[in-house]
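Working notes, beginning with the structure itself.
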Amino acid sequence: MTSNPTSNPASEAIATADLYDERGDELDSLALQLHDIGGRVAFHGPIRTIRCHRDNALVKATLATPGGGAVLVVDGGGSLESALVGDLIAASAVENGWAGIIVHGAIRDREAIGALPLGVKALGSNPRKSAKEGRGEQDVTLEIAGVAFRPGAHVWADGDGILVER
């Protein structure tokens, strides 16, 4: 079953393999293998972005705003030195209607995040907190493992991986 990119009901199943079969070259596939950490493995939505390194103040502030079914893609440069998302930030994302979070870096509070109705994919986890200085960039195009994540483009994720609208 494929997803409809114009809707985003929480219970809608996403089959990225079928979607790729239908749309092929219209999509990029992220080859980077991320862990499924959130309580929802399949999720999708329009992309919002943050680039930050070991500082999650922008992540926290953004996820505390209405998400409208969007997916926040966080490029932490692949660092596993400190977490960019924890259980309180993830719970805020749920409260504010975000569909998911994709982190090119670390998260923490894996078990608590796994109990939330939120899609979360990340490179790994580390219990160390990150800085809170607000350094970073928002709503910029990110390139992760050769795939461009553009604000406003659509992203689909499930157990098979991540597809991004070109």
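The numbers here are math on the coordinates, done by the rules we state, and not lab data. Keep in mind the model is a prediction, meaning the values are calculated, not measured. As a convention, Cβ positions derive from the backbone with ideal geometry for all residues, glycine included, and neighbour counts pool all protein chains shown.
Values for this structure:
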quantity: Amide H contacts of S125 (H built 1.01 Å from N, under 5 Å, at least 5 apart or other chain); calculated: I107
quantity: In Hz, Karplus ³J(HN,Hα) per residue of segment 112-129 (6.51, -1.76, 1.60; θ = phi - 60°; x = Gly, Pro); calculated: 5, 5, x, 8, 8, x, 8, x, 9, 10, 8, 5, x, 9, 7, x, 5, 6
quantity: Candidates per chymotrypsin sites (Phe, Trp or Tyr not before Pro) in segment 81-166, loop by DSSP, up to 11 other Cβ within 10 Å; calculated: none
quantity: Amide H contacts under 5 Å for A153, placed H, 5+ residues apart; calculated: I47
quantity: In Hz, Karplus ³J(HN,Hα) per residue of segment 78-83 (6.51, -1.76, 1.60; θ = phi - 60°; x = Gly, Pro); calculated: x, 6, 10, 6, 7, 7
quantity: Counting DSSP beta bridges with both ends in the chain, the antiparallel % (nearest 5); calculated: 50
quantity: Amide proton proximity set for I14, modelled H, under 5 Å, gap of 5+; calculated: none
quantity: Using θ = phi - 60° and Karplus 6.51 cos²θ - 1.76 cosθ + 1.60, couplings along segment 148-157 (whole Hz; Gly, Pro as x); calculated: 8, 10, 9, x, x, 5, 9, 10, 10, 9
quantity: Gyration tensor verdict on segment 102-157 (Cα atoms; rounded if a/c is under 1.5, prolate if a/b is larger than b/c, oblate otherwise); calculated: oblate
quantity: The chain - Kirkwood radius from inverse mean 1/r over Cα pairs (Å); calculated: 15.3
quantity: Fraction of alpha-carbon pairs over 20 Å apart in segment 17-107 - percent; calculated: 35
